[in-house]
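Each value in this text was obtained by applying a stated rule to the coordinates, not by laboratory testing. Source: prediction; values computed, not measured. So basically every Cβ, Gly included, is an ideal-geometry build from the backbone, and we count neighbours across all protein chains shown.
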Amino acid sequence: MFSGFMMNTWIAATIVAVIAGVVGFFAVLRGSTFAAHAIPNGAFAGAAGASLIGANTLLGLAVFSVAGALGIGSFGRKARHDVATALILVLMLGIGALFISLGDQYAQETYSLLFGEVFGISPDVLLPIGILGALSVLALLVIFRPLMLTSAMPEVAAARGVSPRRVEMAFLLIMALATSMTVPVVGALLMFSLMIGPAAAARSFTARPWLAVVLSVAFGLITVWIGIAISYETDWPLGFFVGVLGAAFFLTGRAWASLRGRRLLRSRRSSAVPASANA
Amino acid sequence: MHWLIEPGLLASSPVRVAVLVGTVVAITSAVVGVFTVTRGQSFAGHSLADVATTGGSGAFLVGLNQFWGFLAFGVAAAVMLEVIGVQRRRGRDVATGVVLGAALGLAALFLYLGSQHSSTTGASFTVLFGSIFVIQPSTVPALIASGVIALIVIVALSRVLLLTSLSPDVAAARGVPVRAVGVAYLVALAISVSLSSVAIGAVLSTALLIGPAATALRVAKGPVRAMVTAAAIGVAVTWLGILLAYDSYYWPPHGHAWPVSFFIVALVVVAYLLTYLHRPARRRRSPSLGTPRAEVEVGA
């Protein structure tokens, strides 16, 4: 399980889980779940296009995910955000369908881009994934405060001169950067599961942002590690385990939150001290 | 390989089936979509299509007719969304995302197991992108019946739905069972979405659900006109898309038809963009329907 080529899998999956945990925390916090689904999915069309014209897949993924982020960000100002996201998503997927049908032998690659090819990772992609991942996590940490402020109190942010739109655009671009190199590893669909499940669970366990980021990364790591181990033994696709474990974490988090909420309510009733606001 | 992707393109029967089913799907999706857009549930609408796809690949695995798989998973997911979904929009999106993530995981498993049984790697493509030209004629009555059912539910509920969509508090005060209406609506959405995703693929399903409705809501006054306009736009783009896809057989490269989903999606997006050229002053008329709402809800 830890032999030569499997080491690449472990390293790549670990990097991806860290990125997904950090990016996912903000996606959940800001309610950008739909964008988190749309950007990796749309990026997949870029990979199809790149393979059609014989370009590098990573380049195609990057171009389309950035285009998708720009589209959602700028279009979302004019229209309802979810409508804009839906239309950009279907537009990119429609173009992807065209690319796939124009290029012929793509069915197997379609499957691997959607669901990932985590056991076939070559060592020379580890470095770019690591660098781009570190960059996107770093960028998120740099804009951590404006991100938190515009998410929780947009009016206060605007009054302080932080433009929520610019922050939103920056966030979407970071998400695009993060997903474009993780899609070949875990697939467009799984990248989404990995961003949302652990992050949503983490938010149920704590309201403190830093702790939630750490928990989100930890849950993500546990998810992929367990997933890879079982997947290696059973030969079932990793995506299945990532999806199911993500949901399991979320449900545990919800159960925990409601349990604690009840306990808080009881103690609040007895002491009559207003607890702090908890989003 | 071309022949596998678009079989029977030159025969007229598949085209007739495509036009018939496409019309039913376009009308149902457009009318349901008006409420989906108004309620801000585009993500749920899209997710239901993807979840239904999981059911489709499951049915593919056990050898059932795909439509029943689509329908079962779609309706189950709709109920689940309402059960675990919280009322605030942001929490609802996260709940939707988790359900979607789990369903996609299952889809990965089903498709993998399916590929173990038979070497049909094209299954994932067909299930996701569908093809309106390969609908089995035996499924057509079930498709049309479910489309009509979804349409009846939505039209019967439309007044109550509109009230609960625009001001849930007023609706609750008037004794409208907001939760039950929400479930009924989501089930109708699930039926409509499973119908459209089995017929035309999960991608097109979202395009036809959101695009015509969002376009109509920008140009039409009042909900009834919006529904009629949306249906008209939906039917128009579907017909035109089928026609173009049929014609594209003679386009480059070398007698290979372009996918109908591409044309319909492109037309839907073009129609929506055209509304921006048309009288921007209209935007101020119906603040709750066409323009961005306060998008960020402050956690309380």
_Relative contact order of chain A, please, whole-number percent, based on alpha carbon pairs below 8 angstrom and at least 6 residues apart._
29
*Extended-chain gain in nm, criterion 0.36 nm per residue less alpha-carbon gap, B:Val170 and B:Val62*: 34.2 nm
_Efficiency of FRET between A:Arg208 and A:Arg166 - r from beta-carbon atoms, R0 22 angstrom, step 0.05_ = 0.25
_the range A:1-123, relative contact order in percent, only Cα pairs under 8 angstrom and at least six apart counted_ = 33
*Within chain A, which DSSP H helices have Cα atoms that stretch 15 Å or more along the helix axis and a mean Kyte-Doolittle hydropathy of at least 1.6?*
A:4-30, A:81-102, A:126-142, A:209-234
*Relative contact order of the range A:129-273: what whole-number percent is it, with Cα pairs under 8 angstrom and at least 6 residues apart?*
21
_Only counting other Cβ atoms within 10 Å, I'd like A:Val242, A:Val214 sorted with the fewest neighbours first._
A:Val214, A:Val242
*Starting from the coordinates of the alpha-carbon atoms of chain A, obtain the Kirkwood hydrodynamic radius over all distinct pairs and give the value in Å to one decimal.*
19.4
*Treat each spin label as a single point 7 Å out from the Cα along the C-beta direction, and report the B:Val224 to A:Leu259 distance in nm.*
5.4
*Would you kindly give the portion of the calculated P(r) for the range A:132-252 that falls above 22 Å, as a percent of all Cα pairs?*
42
_Suppose each label sits 7 Å from its Cα in the direction of the beta carbon; what would the A:Ser112-B:Ala156 distance come out to in nanometres?_
5.1
*How high is the FRET efficiency from A:Ala158 to B:Leu243, r the C-beta distance, R0 60 Å, rounded to 0.05?*
0.80
*Taking the Cα-to-Cβ direction at A:Ala218 and at B:Leu273 and moving 7 Å from each Cα, how far apart do the two end points lie in nm?*
4.8
*So if R0 is 30 Å, what FRET efficiency would A:Thr234 and A:Asn56 give, r being the distance between their Cβ atoms, rounded to the nearest 0.05?*
0.35
*Hz values of 3J(HN,Hα) by residue in the range B:224-237 - Karplus curve (6.51, -1.76, 1.60), Gly and Pro given as x*: 5, 4, 4, 5, 5, 4, 4, 4, 4, 4, x, 5, 4, 5
_Footprinting exposure proxy for A:Ile129, B:Ile152, A:Ile11, B:Ile233 (fewest neighbouring C-beta atoms within 10 Å first)_ = B:Ile152, A:Ile11, A:Ile129, B:Ile233
*asked:* Expected output is a single nm value to one decimal: the length gained when fully extending between B:Ala180 and B:Ala236, i.e. 0.36 nm times separation in residues minus the C-alpha distance. What is it?
replied: 16.8 nm
